[in-house]
1. So which chymotrypsin sites (Phe, Trp or Tyr not before Pro) in segment 87-184 end up in coil per DSSP with only 16 or fewer other C-beta atoms within 10 Å?
2. Near residue 100, within a Cβ-to-Cβ distance under 15 Å, what is the net charge of the other residues, with Lys and Arg +1 and Asp and Glu -1?
3. Which entries in 25/167; 100/167; 100/144; 25/120; 144/167 show an alpha-carbon gap greater than 23 Å?
4. Rounded to the nearest 0.05, what FRET efficiency is calculated for residue 116 and residue 172 with R0 set to 30 Å and r the Cβ-Cβ distance?
5. Does anything in segment 94-138 have its amide N under 12 Å from the 7 Å Cα→Cβ label point of residue 156, and if so which residues?
6. Would you kindly state how much longer the chain becomes between residue 22 and residue 163 on full extension, computed as 0.36 nm times their sequence separation minus their alpha carbon distance, in nm to one decimal?
Amino acid sequence: MSASTLTSRALIPLYIYPLNEDSWKPLYESYVTRQHSKLFKLCSCIVLCTTDPLCSIGRHPNVEFVVILNPNSGPYAEYPNSAPGRLSLPGLDYCREIPKITAFSNVTAIGYVRIDYCKKPLSEVFAEIETYAAWNREPGLVLKGIFVDETPNHYSAERVEYLDAIKHGIRSGATGLNGSSLVC
């Protein structure tokens, strides 16, 4: 989808474990029920959700949905349904549901990385980013950027250098993501 056809962008922190096929369904289905409207309130969705059939990715093709995927405060976890022999991939529940979200042309899926206010060693940050980049080798699991959480709220030259290193690592392709990656 070209940028000129998009009218706005919604950031969706999708921090809900996809326990079954219905867990994320309200996000991409055309109709939302009263019980599903809670999902959007949990996600702090910018689009106001009610019981009307107006609140979903499929119903808003001119809105770019940036969906933050956060399996476990980053890509690492001991998943209940891990894919055997594929440690870099998310659990089977995520492998089942992520392709449904990324199939929409108006969705940009990005991974979640927590940096502990610039205290987390850069080597650990880059290892997590590289894990997300490894997902890109699987059909439907393609991520187009990284959401960096727990960023500092006070300026220092060291913090700027730290954050610039992360941004450069993501955008340069040094971590396995392509050079046009979104950094939030």
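1. Numbers: sites: 94, 104, 112, 117, 126, 132, 135, 147, 155, 162; in loops: 104, 117, 155.
Those satisfying the criteria are 117, 155.
2. Values: positive: 25, 96; negative: 21, 22, 29, 93, 97, 138.
That works out to -4.
3. Distance filter (> 23 Å) returns 25/167; 100/167; 25/120.
4. So, using R0 = 30 Å, E works out to roughly 0.85.
5. 117-120
6. Numbers: separation 141, 0.36 × 141 = 50.76 nm, distance 3.69 nm.
Stretched fully, the residue 22-residue 163 segment lengthens by 47.1 nm.
Each reported figure results from applying straightforward, stated rules to the coordinates on display, with no laboratory input. Please read these numbers as outputs of a predicted model, since none were measured by experiment. When we count neighbours, we look across all protein chains shown, and the Cβ atoms used for this are built from the backbone with ideal geometry, even at glycine.
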